1. Considering every residue within the range B:221-240, establish whether at least one is away from ligand 2 (no atom under 16 Å from the Cβ), on the phi > 0 side of the Ramachandran plot and at pLDDT below 95.
2. Here are the criteria: (1) aromatic (Phe, Trp, Tyr); (2) in contact with a strand residue (DSSP E or B) (Cβ under 6 Å, 6 or more places away or on another chain); (3) within 14 Å of another protein chain (Cβ to nearest Cβ). Tell me which single one B:Phe150 does not satisfy.
3. Please go through the range A:29-80 and pick out each residue that is surrounded by fewer than 21 Cβ atoms within 10 Å (Cβ to Cβ), more than 9 Å from ligand 1 (Cβ to nearest atom) and over 20 Å from A:Arg14 (Cβ atoms).
4. Find the strands (runs of 3 or more DSSP E) located wholly in the range B:81-200 whose residues include 2 or more that are under 30 Å from A:Phe49 (Cβ atoms), and list them.
5. Applying the selection to the range B:289-309, what residues are open to solvent by 30 Å² or more (accessible area, probe 1.4 Å) and within 16 Å of ligand 3 (Cβ to nearest atom)?
6. If I ask for residues that are in contact with a Phe, Trp or Tyr (Cβ under 7 Å, 6 or more places away or on another chain) and either more than 30 Å from A:Val271 (Cβ to Cβ) or among the small types (Gly, Ala, Ser) (or both), which ones from the range A:155-211 would you list?
7. Taking the condition more than 16 Å from ligand 1 (Cβ to nearest atom) and open to solvent by 30 Å² or more (accessible area, probe 1.4 Å), does B:Gly286 pass?
8. Mind listing whichever residues of the range A:122-144 are open to solvent by 60 Å² or more (accessible area, probe 1.4 Å) and either small (Gly, Ala, Ser) or more than 13 Å from A:Gly108 (Cα to Cα) (or both)?
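The values are calculated or read from the model by the stated rules, or taken from the named source; none is laboratory data. Remember, predicted model here, so these are calculated numbers, not experimental data. For neighbour counting, all protein chains shown are included, and Cβ atoms are generated from backbone atoms with ideal geometry for every residue, glycine included. In case anyone asks, the SASA skips ligands and DNA or RNA and just uses the protein heavy atoms, side chains included. Shrake-Rupley method; radii C 1.70, N 1.55, O 1.52, S 1.80 Å.
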Amino acid sequence: MTGRPDPMVPSVLRIARRIEEMEGVVSLELEAPGGFSFQPGQFNMLYAFGVGEVPISISGDPARTDRLRHTVRAVGQVSHALTRLRPGMELGVRGPLGRGWPLEEVAGGDLVLAAGGLGLAPLRPVAELAVADPRRFRRVVLYYGTRNPATVLWRQEMERWRRAGIRVHVTVDSATPGWQGEVGVVTRLMQPGHFEPAVATALLCGPEVMMRFSAQTLHGLGIPAERIHLSMERNMNCGVGLCGHCQFGPRLVCRDGPVFPLPEVESLMQVRGL
Amino acid sequence: MKARLIDKSGLQWLLDRLGSQGYEVLAPCLENGVVEAGPVTSLEELPAGVEEETEAGRYRLRFDGKEGTDLLFSHALTAMGWQRFLHPSSEPLWRAELRGGALEIQPLPAEAPRRALVGLRACDLAAISIQDRVLAQNDPRYARRRENLFLVAVNCGRAAATCFCHAMGTGPEVKQGHDLVLTELVGGGAHRFLVEAGSEAGAGMLQALPGREPEADDWEEKRARIEAASRQRRRLPEDTGDLLASSLDHPHWEKVGERCLACGNCTSVCPTCFCSRMVERTGLDGQQATHWRLRDSCFDSEHSYLHGGPVRRDRAARYRQWLTHKLHHWQAQFGTTGCTGCGRCITWCPVGIDLTEEVAALEVAA
Ligand SMILES: Cc1cc2nc3c(=O)[nH]c(=O)nc-3n(C[C@H](O)[C@H](O)[C@H](O)COP(=O)(O)OP(=O)(O)OC[C@H]3O[C@@H](n4cnc5c(N)ncnc54)[C@H](O)[C@@H]3O)c2cc1C
Ligand code: SF4
Ligand code: SF4
């Protein structure tokens with residue numbers, strides 16, 4: 001029992017690159033000299049010196065085990081501190097943590113990705129897998145909704161994904177002059193014929209309302225509930241099931257999730273303030 | 001050897017022996033007007049003859065216990081649970097240093113002294129085994145402190161009015177999780193203790209105890225005392241879990257939410273509560289920081305905070321979280337209930353909210 005490494009103590013990694021994705025959103029590429037393997041959908045606790053730790057999804061290509069990528073939106077204390085870090089500086093990392101997307105179960109079938117805002121971050125590793133190995137999935141569709149054209153993440157990457165055969169559909173809540181694409185909620189993008197429901201699996205990440213409506217719509221289009229998976233968000237202080245903050249009814253989001261099949265969370269999501 | 005009968009001097013011998021083996025001995029004593037576990041070297045420090053009168057929102061001590069002023073364990077429970085010796089209210093986890101962008105993180109060793117806890121009740125042992133399920137696996141600090149404990153439990157001879165361990169199946173008889181268990185006996189005018197072992201370490205200690213073989217009368221008195229302590233008024237329905245699962249939208253939560261102050265007393269006295277939060281404290285030079293773990297409460301608005309506000313905005317939602325976690329969701333999370341029936345949360349709630357009554361209120365259809 002004693003002598004085991006303490007899962008609460010971070011390792012130190014150096015920032016190799018810092019990419020300003022848009023105002024207030026920064027990707028940090030960390031050097032992982034010892035190699036860092038993860039399952040898409042997992043997250044790390046990132047530690048900014050003197051401020052604290054927060055859960056952040058891993059947003060890089062899983063094949064690049066020498067480079068670990070995170071994409072952070074500056075909203076509060078810790079996330080602001082993380083986005084201010086520069087190449088060459090070091091930060092603390094604990095992980096990979098949680099249960100990722102159930103990709104084994106999609107193999108050979110259709111893959112439906114639905115993201116709202118920065119919810120695209122934990123889905124990006126999945127898109128990269130699909131690009132690297134086109135035979136892994138039958139058809140891949142991405143539905144992505146964000147507030148406005150200025151907050152569309154990864155335009156170039158999405159172009160690359162398109163060229164590799166992923167059907168990318170993007171919408172914004174409110175358009176600005178020059179926007180040629182769709183306007184409205186992300187569920188409006190979801191149409192019969194985009195995928196074969198009988199062999200499709202859907203992976204969702206975004207604000208809770210967005211996921212609730214997307215799950216309903218995709219289920220309505222024929223995807224069985226148990227093949228719709230959601231990445232849930234709750235306050236996390238430890239990430240390893242010790243602190244009690246991420247409780248969601250009978251589940252601990254950090255330990256049992258963050259990815260859950262719809263039947264495990266559907267009724268819980270209906271209860272206000274759970 | 002199965003058991004030993006000792007007198008007060010035998011019990012003092014046990015405390016001394018534990019002390020000489022390097023254990024810090026903690027036992028119930030009087031502290032700030034309540035019975036609370038503290039460091040003890042002599043039996044004189046135990047709260048002899050003290051009984052607590054408890055009710056929802058009420059705690060009074062009587063110093064003239066019904067059975068005279070001899071009984072050392074006439075009280076029922078320590079005011080707080082004993083988990084603070086396993087899961088301290090604050091603890092530094094690691095220290096970080098930043099020098100020109102280079103970060104160094106140093107784990108800080110856990111304080112894990114050898115401790116003998118004397119006077120725990122069956123419900124207290126149940127609480128430790130519940131926390132073992134929650135923490136021992138992933139928290140090496142907890143595990144180390146746990147390994148260094150020697151547990152001397154006591155069979156209750158009387159229940160407080162707020163106790164419902166009998167209904168929860170955790171007590172009042174000590175059956176597992178102890179190294180030694182004492183039953184305090186006074187029948188026939190002789191003050192003595194029946195001692196039994198529950199572990200190898202306990203059996204070793206039992207061998208050495210200065211005393212004699214107990215007789216039929218002693219065993220009979222033990223049985224009668226446990227039976228007396230089993231007479232308890234409060235209970236929870238058998239199907240509490242199902243009831244809670246189907247009551248998440250019950251209007252009663254709003255009612256109890258209007259009474260609850262969200263003070264968190266219930267969570268600080270409950271022996272199974274384990275929530276914690278991490279805080280970072282920086283040194284004056286700004287180049288050093290220490291990462292602390294503090295005990296936390298689900299009644300705190302920050303507990304469920306997500307950027308923009310807490311998930312559980314009102315007291316109704318927080319009380320529902322606490323109660324459904326203890327009595328139902330704990331089972332799914334950790335394979336055990338989260339409540340031992342110790343009744344502390346009932347006693348120490350300033351507005352007298354009683355979880356057994358709240359569950360009963362949910363039984364009334366919405
Ligand atoms: C599994 C998971 C994956 C995430 N992935 C990403 C990601 O890839 N990129 C990204 O920018 N954000 C992500 N988040 C959200 C991110 O953790 C929060 O934005 C961050 O915790 C805010 O911390 P803060 O100190 O900057 O904000 P403050 O508003 O100052 O928050 C104070 C504290 O509350 C807690 N907290 C606040 N908001 C959240 C939240 N949304 N989730 C969990 N704890 C919170 C944290 O402990 C935080 O330190 C993820 C959250 C979870 C649970
Ligand atoms: S919930 Fe109340 S009765 Fe149950 S263990 Fe905690 S303090 Fe004791
Ligand atoms: S139930 Fe009672 S003790 Fe618990 S937070 Fe509410 S008022 Fe405080």
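1. So far as the range B:221-240 goes, no, none of its residues is away from ligand 2 (no atom under 16 Å from the Cβ), on the phi > 0 side of the Ramachandran plot and at pLDDT below 95.
2. In the conditions (1) aromatic (Phe, Trp, Tyr); (2) in contact with a strand residue (DSSP E or B) (Cβ under 6 Å, 6 or more places away or on another chain); (3) within 14 Å of another protein chain (Cβ to nearest Cβ), B:Phe150 misses (3) alone.
3. A:Gln39, A:Pro62, A:Ala63
4. Answer list for the range B:81-200: B:90-99, B:102-107.
5. Once the filter is applied, which keeps residues that are open to solvent by 30 Å² or more (accessible area, probe 1.4 Å) and within 16 Å of ligand 3 (Cβ to nearest atom), the range B:289-309 yields B:Arg295, B:Asp300, B:Ser301, B:Glu302.
6. Passing the criteria: A:Val168, A:His169, A:Val170, A:Val172.
7. yes
8. Selection gives A:Ala132 alone.
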